[in-house]
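Computed from the coordinates by the stated procedures, all read-outs in this text should not be read as laboratory data. Bear in mind the structure is a predicted one, so any value in this text is a computation, not a measurement. Cβ: placed from backbone, ideal geometry, glycine included. Neighbour counts: every protein chain shown.
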Amino acid sequence: MNCLSCGNTSATRSGEHVFAQWLLDYLHALKTPITHFRYQADGTSTPHRDQIALDSLRLKRICEPCNNGWMSRLEDHTKAILVGLMERTLALDALADEQRRLLARWAGKTAIIESYAVGAEKPIDAQLLGYRRDGDQTSDVRRSRRSDLRPGQKRT
Ligand SMILES: [Zn+2]
């Protein structure tokens, strides 16, 4: 398969949830129905997919290692920040730099996955998903790329 995150791979295809189950469960929105509309130049809109429940909104263009690896870790690491912001025990302007980076990676990953899952006319460039993956400090991809650098050499 051609994984949006890592490219051509022999790994098994998976169904990446656009919105994590834990988040939909937290928001009591698992079965919230959604309908996608496509807006026309004349200002009208028409539904372009059948209505589905939010927990059924998945993208089958992500391989299992990416879904269960860096994407799962990103969800796990971002969960406490998102819950803290929603419960107002954390303030956006008081987040530490690492929390901001995690939140930005999560928001970017979610927006990219969503743009493909809804069949956007102009989905977000999938190369940007690779940058989200590369932000994973434990990613094998990042480690192997780091080893390509000579001592003292900086990544450009
Ligand atoms: Zn992948």
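Between the alpha-carbon centres of region 27-51 and region 65-106 there is a gap of 27 Å. Between residue 44 and residue 98, the modelled label-to-label distance comes to 5.4 nm, taking each label 7 Å out from Cα in the direction of the beta carbon.
When each of 113, 81, 52 is scored by the number of other beta-carbon atoms lying within 10 Å, the sequence from fewest to most is 52, 81, 113. Each of 38, 133 has some number of other Cβ atoms within 10 Å of its Cβ, and from fewest to most they run 38, 133. Cut-off 19 Å, label point 7 angstrom out along Cα-to-Cβ of residue 90: give me the residues of region 17-41 whose amide nitrogen falls inside. Residues passing the 19 Å test: 19-28.
Could you list 17, 48, 36 in order of exposure, starting from the residue whose Cβ has the fewest other Cβ atoms within 10 Å? Can you show the working numbers first?
Details: 17 23, 48 12, 36 16.
If I rank by nearby Cβ atoms, fewest first, I get 48, 36, 17.
The three principal axes of the C-alpha atoms in region 2-138 carry coordinate ranges of 44, 40, 28 Å, sorted with the longest axis first. Residues whose amide H lies under 5 Å from that of residue 3, counting only those 5 or more places away or on a different chain, are 8, 9; hydrogens are built 1.01 Å from N in the peptide plane.
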